[in-house]
Amino acid sequence: MTTSKVPPVGLARAVERFRSVLDRLHRRSAPPSAVMLEKILGAWVAQGITVAADLKVADALADGPLPIGELARRVGADPDALARLMRALIGEGVFTQRRDGRYALNALGAALRTDSPMSVAGMARMVGHPAHREHWSQLLEAIRTGEATVPKLRGMPGFEYLVANPELGEIFNDAMTNLSEAAVVPLTAAYDFSPYARIVDVGGGHGRFLAAILAATPSARGVLYDLPQVVEGAPDLLARHGVADRVEIVGGSFFDSVPAGADAYVAKNVIHDWPDHQALTILRNIRAAANAGAVALLAEFVIPERPRQFIGNWTDMEMLMATGARERTEAEYRELFEQAGFRLSRVVPTVAPISLIESRAV
């Protein structure tokens, strides 16, 4: 299934390979210490982007270019310090400066607008948040022990810490919304959901993925399933996307049970949040609810069998530290499915780093 909104998957993979070749050429043409230093200092670049997102610089520039004085006034910053930050970011291709000295949005800068459909401002704010930076400072301990470090640092599981710290929890939710928006079009473009009349979205949050599936599949009806306090926020989103009349909202925990009788069960970025024994509990509860032949679809990063540059390699580190969980290879997903009573049938790539892992209940 294809759509004019996204390029063909083959073209996206070809672009990735070309970028990989350029990256290798760069690494081989410069002194190794210079290349390594560039990678190390990438942390500084990321923090600069976080500051721009926190200040909402892109929002301030949304109506047109501004001189530094007016830009600083609108975002509440020191003009000299802001000009120096903008100089650094422009050097990285984020924002631009006109010949008259005014600052303006470009494509990368616009991605930090909070009102952009493909905004990554929430993700930028989460990655650079002091608490999240502190979590990543514990990576050494996580690698030494193979255990989650956030619960040790905070005295509670990672998700509980977000609930106990509403400000960080809100930033986290915004970041997850960014990731969902970036993923839904590639996912629905890559897979044909039309064979399924009833689709349950397991751990579906406010229903953004389910809304996209139903918008692409007018004949289908859906069930949105997540914790009661989570799905409370779903009606407005579902109504905004014009699918509220085709969605049943059910509150509950996927560690206890899953709504029965669907043709397909989807779970986006759910299984990677949990170590194997808890991931198996979720999948077995889906299997208990599914009839033989029903489809289970996981939307997840699939780690390549051979090492290469891939964002999932780094979210794997995030999962390790936060919950002791992991990203997985196709072989690892196959084993999980088999233990839960499913048979993995195929992995469907998309133009994004995320894939759909299809299995059937046996």
> When you scan region 115-142, how many residues do you find that are surrounded by 13 or more Cβ atoms within 10 Å (Cβ to Cβ), among the hydrophobic types (A, V, I, L, M, F, W, C) and farther than 13 Å from Asn173 by Cα?
Replying inline: 4
> Within region 186-196, is even one residue over 30 Å from Ala62 (Cβ atoms), aliphatic (A, V, I, L, M) and touching a helix residue (DSSP H, G or I) at 6+ places or on another chain (Cβ under 6 Å)?
Replying inline: no
> Can you tell which of Leu214, Leu162, Leu168 is assigned to a helix (DSSP H, G or I) and at pLDDT 95 or above?
Replying inline: Leu214
>> For region 189-217: of the residues being touching a residue at least 60 places away in the same chain (Cβ under 8 Å) and among the hydroxyl-bearing types (Ser, Thr, Tyr), which is surrounded by the fewest Cβ atoms within 10 Å (Cβ to Cβ)?
In response: Tyr191
>> Can you say whether Val15 is under 30 Å from Tyr191 (Cα atoms), surrounded by 11 or more Cβ atoms within 10 Å (Cβ to Cβ) and either among the basic types (Lys, Arg) or touching a strand residue (DSSP E or B) at 6+ places or on another chain (Cβ under 7 Å) (or both), as far as the supplied structure shows?
In response: no
>> Can you tell me which of (1) more than 21 Å from Ala46 (Cβ to Cβ); (2) in a helix (DSSP H, G or I) is the one Arg99 doesn't meet?
In response: (2)
> Does region 174-183 contain at least one residue that is in a strand (DSSP E or B), of a type in the set (Asp, Glu) and either at pLDDT 95 or above or outside the structural domain of Glu300 (by TED's automatic domain parsing) (or both)?
Replying inline: no
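Against the definition (within 15 Å of the chain's Cα centre (by Cα), closer than 12 Å to Val223 by Cα and either of a type in the set (A, V, I, L, M, F, W, C) or surrounded by fewer than 20 Cβ atoms within 10 Å (Cβ to Cβ) (or both)), how does Phe172 come out, yes or no?
Values: within 15 Å of the chain's Cα centre (by Cα): yes; closer than 12 Å to Val223 by Cα: no; either of a type in the set (A, V, I, L, M, F, W, C) or surrounded by fewer than 20 Cβ atoms within 10 Å (Cβ to Cβ) (or both): yes.
No.
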> Scanning for something out of contact with any Ser or Thr (no Cβ under 8 Å at 6 or more places or on another chain), at pLDDT below 95 and over 16 Å from Leu61 (Cα atoms), does region 115-123 turn up at least one residue?
Replying inline: yes
> Pick from Glu305, Glu318: which is at pLDDT below 95 and under 27 Å from Gly146 (Cα atoms)?
Replying inline: Glu305
> Can you tell me which residues in region 208-228 are among the β-branched types (Val, Ile, Thr) and more than 20 Å from the chain's Cα centre (by Cα)?
Replying inline: Thr217, Val223
> If you check every pair at least six apart or on different chains, which have Cβ atoms under 7 Å apart with a residue in region 166-184 that is within 18 Å of Ala212 (Cβ to Cβ) first and a residue that is surrounded by fewer than 18 Cβ atoms within 10 Å (Cβ to Cβ) second?
Replying inline: Glu181/Pro117; Glu181/Met118; Ala182/Met118
> Looking at region 132-155, which of its residues are among the aliphatic types (A, V, I, L, M) and either farther than 22 Å from Gly122 by Cα or in a loop (DSSP other than H, G, I, E, B) (or both)?
Replying inline: Leu139, Leu140, Ala142, Ile143, Ala148, Leu153
> Looking at region 22-62, which of the residues that are modelled with pLDDT under 95 and outside any helix (DSSP H, G or I) is nearest to Asn106 (Cα to Cα)?
Replying inline: Ala30
> Out of region 69-96, which residues are surrounded by fewer than 15 Cβ atoms within 10 Å (Cβ to Cβ), among the basic types (Lys, Arg) and over 22 Å from Trp44 (Cα atoms)?
Replying inline: Arg73
>> Just the residues that are among the hydrophobic types (A, V, I, L, M, F, W, C) and surrounded by fewer than 15 Cβ atoms within 10 Å (Cβ to Cβ), please, taken from region 218-249.
In response: Leu227, Ala239
> How many residues does region 66-96 hold that are closer than 30 Å to Ala183 by Cα, of a type in the set (Gly, Ala, Ser) and not in a helix (DSSP H, G or I)?
Replying inline: 1
> How do the strands (runs of 3 or more DSSP E) wholly within region 254-362 filter down when requiring 2 or more residues that are charged (D, E, K, R) and loosely packed, with under 15 Cβ neighbours inside 10 Å: which remain?
Replying inline: 342-349
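Going through region 218-230 one residue at a time, which ones are in contact (Cβ under 8 Å) with a residue 24 or more places away in the chain and in a loop (DSSP other than H, G, I, E, B)?
Within region 218-230, Ser219, Ala220, Leu227 qualify.
The values are calculated or read from the model by the stated rules, or taken from the named source; none is laboratory data. Here the structure is a predicted model, which is why all the values come from computation and not from measurement. Every residue, glycine as well, gets a Cβ built from its backbone with ideal geometry; the counts of neighbours run over all protein chains shown.
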